[in-house]
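Enquirer: Below is one structure. I have some questions about it.
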Amino acid sequence: MEEKLRISFPQDYVDFMLKTNGGEGTIGEDSYLRLWKIEEIIESNKGYSVEEFAPGLIIIGSDGGGTAYGFDFRSEKPILVAVDFIGLYNDSPFFRTVF
């Protein structure tokens with residue numbers, strides 16, 4: 001998948017995905033996360049037109065609602081970010097670093 005996307009995910013994400021191939025559940029008291037399966041990532045990014053609206057972003061999952069989580073590959077080191085599906089673009093005020 002990384003070859004098709006021409007990127008390299010952070011090693012901790014790769015290690016996690018090789019063990020789990022995605023996952024979902026609650027985080028804390030009020031948050032939810034669904035990490036997409038490896039085989040869903042390319043098609044889901046195409047379906048949401050991520051390359052068109054937010055070049056350099058690869059979405060890897062969501063909160064099951066309006067927030068997408070992904071990696072911003074515009075820097076030397078990928079940054080984990082959250083962005084609203086509505087208004088998806090790199091300069092959105094909702095494009096924010098997660099960690």
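Enquirer: Taking the Cα centre of the chain as origin and charging only Cβ (+1 Lys, Arg; -1 Asp, Glu), how large is the dipole, in debye to the nearest 20?
Expert: That gives a dipole near 160 debye.
Enquirer: Same structure, new question: Rounded to the nearest 500, what is the chain's calculated 222 nm mean residue ellipticity when only DSSP H runs of at least 4 contribute -39500 (n - 2.57) each, over all residues?
Expert: When only DSSP H runs of four or more count, the value is -7000 deg cm²/dmol.
Bear in mind that the values in this text are calculations on the coordinates, not laboratory data. The structure displayed is predicted, hence computed values, not measured ones. All Cβ positions, even for glycine, are placed from backbone atoms using ideal geometry, and neighbour counts span all protein chains on display.
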